[in-house]
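Any read-out appearing in this document is the output of simple, stated calculations on the displayed coordinates, not a laboratory observation. Everything numeric here is computed off the predicted structure, so don't read it as measured data. Because the Cβ atoms are built from the backbone with ideal geometry, glycine has one as well, and the counts that use them run over all protein chains shown.
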Amino acid sequence: MFCYCTLGMSADRLDDNLIELFVYSAKADETLVELLTVCASYHRNVLPLGINHTVNIGQPWLGNSKCDYGFISAAYLDGAELGLFEYDGKEIGCYWLIPITEKERDFKIEYGVEQLEQLFEDKQLNYLNPERNCMVGE
């Protein structure tokens, strides 16, 4: 498993929107560097991102994946220690960017974050599989 993460995504921000993102992959792929760079640029230059937000990736996250959105989630797999860290006197959130489908994003908007996370848990989301099917309506 590979893990890609941002570094300095929230550097020099004067507000409380201090986050870093990471994404997992079953294989090394430079397009994930691009994905996180775009998210960091959006966060720094357009609107701040935060926990439970979704982002439109605009293309499959890997290969021909149906997942073309990202859901910013707590770092469940890595424990609470990774979720928040302190740097230079500031608390920074370290969140998991989970690739999701547009239907899963719509489900989150309609039913809420907790229901989406419960759906992923109930159906045992394989977050490393870029070819996974949408979990809504299965």
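Observations on the model:
- About the centre of its Cα atoms, the range 69-138 shows a dipole size close to 200 debye [charges on the beta carbon of Lys, Arg (+1) and Asp, Glu (-1) only; nearest 20 debye].
- Shape call, the range 24-87: gyration tensor on alpha carbons, a/c limit 1.5: oblate
- Look at the dipole of the chain built from charges on Cβ: of I98, N64, N126, the Cα furthest out on the positive end belongs to N64.
- Total formal charge among the other residues, if their Cβ is under 15 angstrom from that of L62, Lys/Arg +1 and Asp/Glu -1: -2
- Extension gain, N56 back to E91 (0.36 nm per residue minus Cα-Cα distance, nm): 10.0 nm
- Surrounding net charge for L47, when Lys and Arg each add one and Asp and Glu each subtract one, Cβ distance under 13 Å: +1
- Taking Lys and Arg as +1 and Asp and Glu as -1, the other residues whose beta-carbon sits under 13 Å from that of K108 total -4.
- Correct option for percent of Cα pairs over 21 Å apart [calculated from the coordinates] among (1) 40; (2) 45; (3) 51: (1)
- Cβ-Cβ distance of C134 and L14, R₀ of 35 Å, FRET efficiency by 1/(1 + (r/R0)^6): the value works out to about 0.35.
- Residues Y111 and C5, FRET efficiency given R0 of 30 Å [Cβ-Cβ distance, rounded to 0.05]: 0.55
- For R105, R13, order by how many other beta-carbon atoms lie within 10 Å, fewest first: R13, R105
- Spatially close lysines, pair count over the chain: Cα under 22 Å, gap of eight or more or interchain: 6
- Crossing angle, helix 31-45 versus the chain [Cα axis fit, 0-90 degrees, rounded to tens]: 50 degrees
- Residue-averaged 222 nm ellipticity for the chain, from DSSP H runs of 4+ at -39500 (n - 2.57), nearest 500: -8000 deg cm²/dmol
- Among M9, M135, M1, a tally of other beta-carbon atoms within 10 Å of each Cβ gives an order, fewest to most, of M1, M135, M9.
- Mean separation of Cα contacts under 8 Å (6+ apart) over length of the chain, as relative contact order %: 23 percent
- Between the helical axis of 113-122 and the longest alpha-carbon principal axis of the chain there is an angle of about 50 degrees.
- Extension gain for A75-D29 works out to 14.4 nm (0.36 nm per residue, less the C-alpha to C-alpha distance).
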